[in-house]
Amino acid sequence: MDDFEVSGPEGKHLCLVYEPMREPLWIFQTRFVDRKIPLPIAKAYIYFLLVGLNYLHSECKAVHTGILTDFIQRRQPMQYKVDNESGRHIYRCYNDFGPLDANHIKNMIPKLADFGLAARLDKLCPRNGIAGEQLGIYPIQPDYYRAPEVILGCGWDSKADIWNFGVLLWNILGNKALFQQVHNTNGQYDAKSHAEMIALVGSPPEALLAKSKAMSEHNWPESVTNDTGALCNNAQEFFGGPFFNAKGQFCYNELIPSRTLKDTISFLEKRDQQQFLSFVRDMLTWLPEKRKSARELMEHPFLKLGG
């Protein structure tokens with residue numbers, strides 16, 4: 001709705017103002033048995049979130065870079081009263097949103113929020129990407145939702161959000177995480193993440209690995225500190241690679257689990273599983289250009305009520 005700047009020790013900080021909204025999605029989920037939103041409601045929410053992503057990508061030319069259930073909120077704000085002296089709206093205390101009126105659910109449209117780390121790909125500066133290309137190069141996204149092209153240092157665009165959103169569907173529909181082995185015992189990023197990707201979506205194509213190798217030979221314009229405190233000059237250093245040898249073979253085959261993508265969706269009825277797998281496979285592909293856009297995903301049969 002608005003924005004303003006606050007000056008601090010490290011310069012100016014941009015603050016974004018949003019309209020008052022209800023609880024984030026993860027709190028909304030606690031209202032249901034096993035934190036699982038009924039499938040018809042979840043399908044409608046997924047559709048509206050894709051509408052938001054389509055607007056963000058197509059009209060704003062921006063990438064969210066960190067879609068979580070924390071950052072999905074809904075319209076129809078909590079109850080409030082008006083202070084007689086100031087005229088200000090006073091809302092209920094934090095996280096107390098009052099009882100849920102079933103008659104109002106249809107008006108509680110979900111919205112993407114928290115764009116503090118969003119990136120404008122049409123206005124990249126050297127810090128955020130490669131001059132002359134609409135690709136970002138610096139690490140983005142939460143660990144469990146990070147797209148493979150980000151980890152491999154191939155450059156990223158709006159399709160990184162599509163991967164992120166696809167992984168998030170396990171949280172939205174099943175209250176579970178798709179990827180289970182992202183960190184080692186020290187909490188550092190691990191090759192197990194790639195091993196799980198290979199198990200669930202297959203081996204990465206040679207073209208992606210070739211691009212990763214080529215990009216690793218060039219340093220970022222500025223170094224970045226990773227979670228271990230090490231100063232890193234490229235994605236390979238940042239994420240602890242290389243994960244593949246010169247022939248494009250994964251270096252840690254012993255880490256690849258035996259489970260498949262179908263094994264992870266027991267939270268769905270069998271009649272819904274096939275269409276869901278078709279839906280998410282349009283998002284969870286190694287090559288970003290093979291992923292469907294948000295606009296294309298809106299048309300998928302899985303999102304049709306009764307589908």
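Overview of values
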item	result
Qualifying residue in region 119-136 (condition: modelled with pLDDT of 85 or more, aliphatic (A, V, I, L, M) and outside any strand (DSSP E or B))	yes
Unique residue being hydrophobic (A, V, I, L, M, F, W, C), under 25 Å from Glu206 (Cα atoms) and out of contact with any helix residue (DSSP H, G or I) (no Cβ under 7 Å at 6 or more places or on another chain) when the list is Phe250, Phe238	Phe238
Those residues of region 250-261 which are in a loop (DSSP other than H, G, I, E, B) and loosely packed, with under 15 Cβ neighbours inside 10 Å, in sequence order	Cys251, Tyr252, Pro257, Ser258, Arg259, Thr260
Residue satisfying all of: in region 215-253; among the hydroxyl-bearing types (Ser, Thr, Tyr) and over 15 Å from Asp190 (Cβ atoms); nearest to the chain's Cα centre (by Cα) among these	Thr225
Top-ranked residue of region 1-53 - restricted to ones that are without any contact (Cβ under 8 Å) to a residue 12 or more places away in the chain and of a type in the set (Val, Ile, Thr), ranked as surrounded by the fewest Cβ atoms within 10 Å (Cβ to Cβ)	Val33
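Here's the yes/no breakdown for (1) modelled with pLDDT of 95 or more; (2) assigned to a loop (DSSP other than H, G, I, E, B); (3) over 20 Å from Leu49 (Cβ atoms):
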| residue | (1), (2), (3) |
| --- | --- |
| Gly241 | no, yes, yes |
| Gly248 | no, yes, yes |
| Asp263 | yes, no, yes |
| Leu268 | yes, yes, no |
| Gln274 | yes, no, yes |
| Leu277 | yes, no, no |
| Met283 | yes, yes, no |
| Trp286 | yes, yes, yes |
| Arg295 | yes, no, no |
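The values are calculated or read from the model by the stated rules, or taken from the named source; none is laboratory data. All values derive from a computational prediction rather than experimental measurement. Ideal geometry is used to build each Cβ from the backbone, glycine not excepted, and the neighbour counts take in all protein chains shown.
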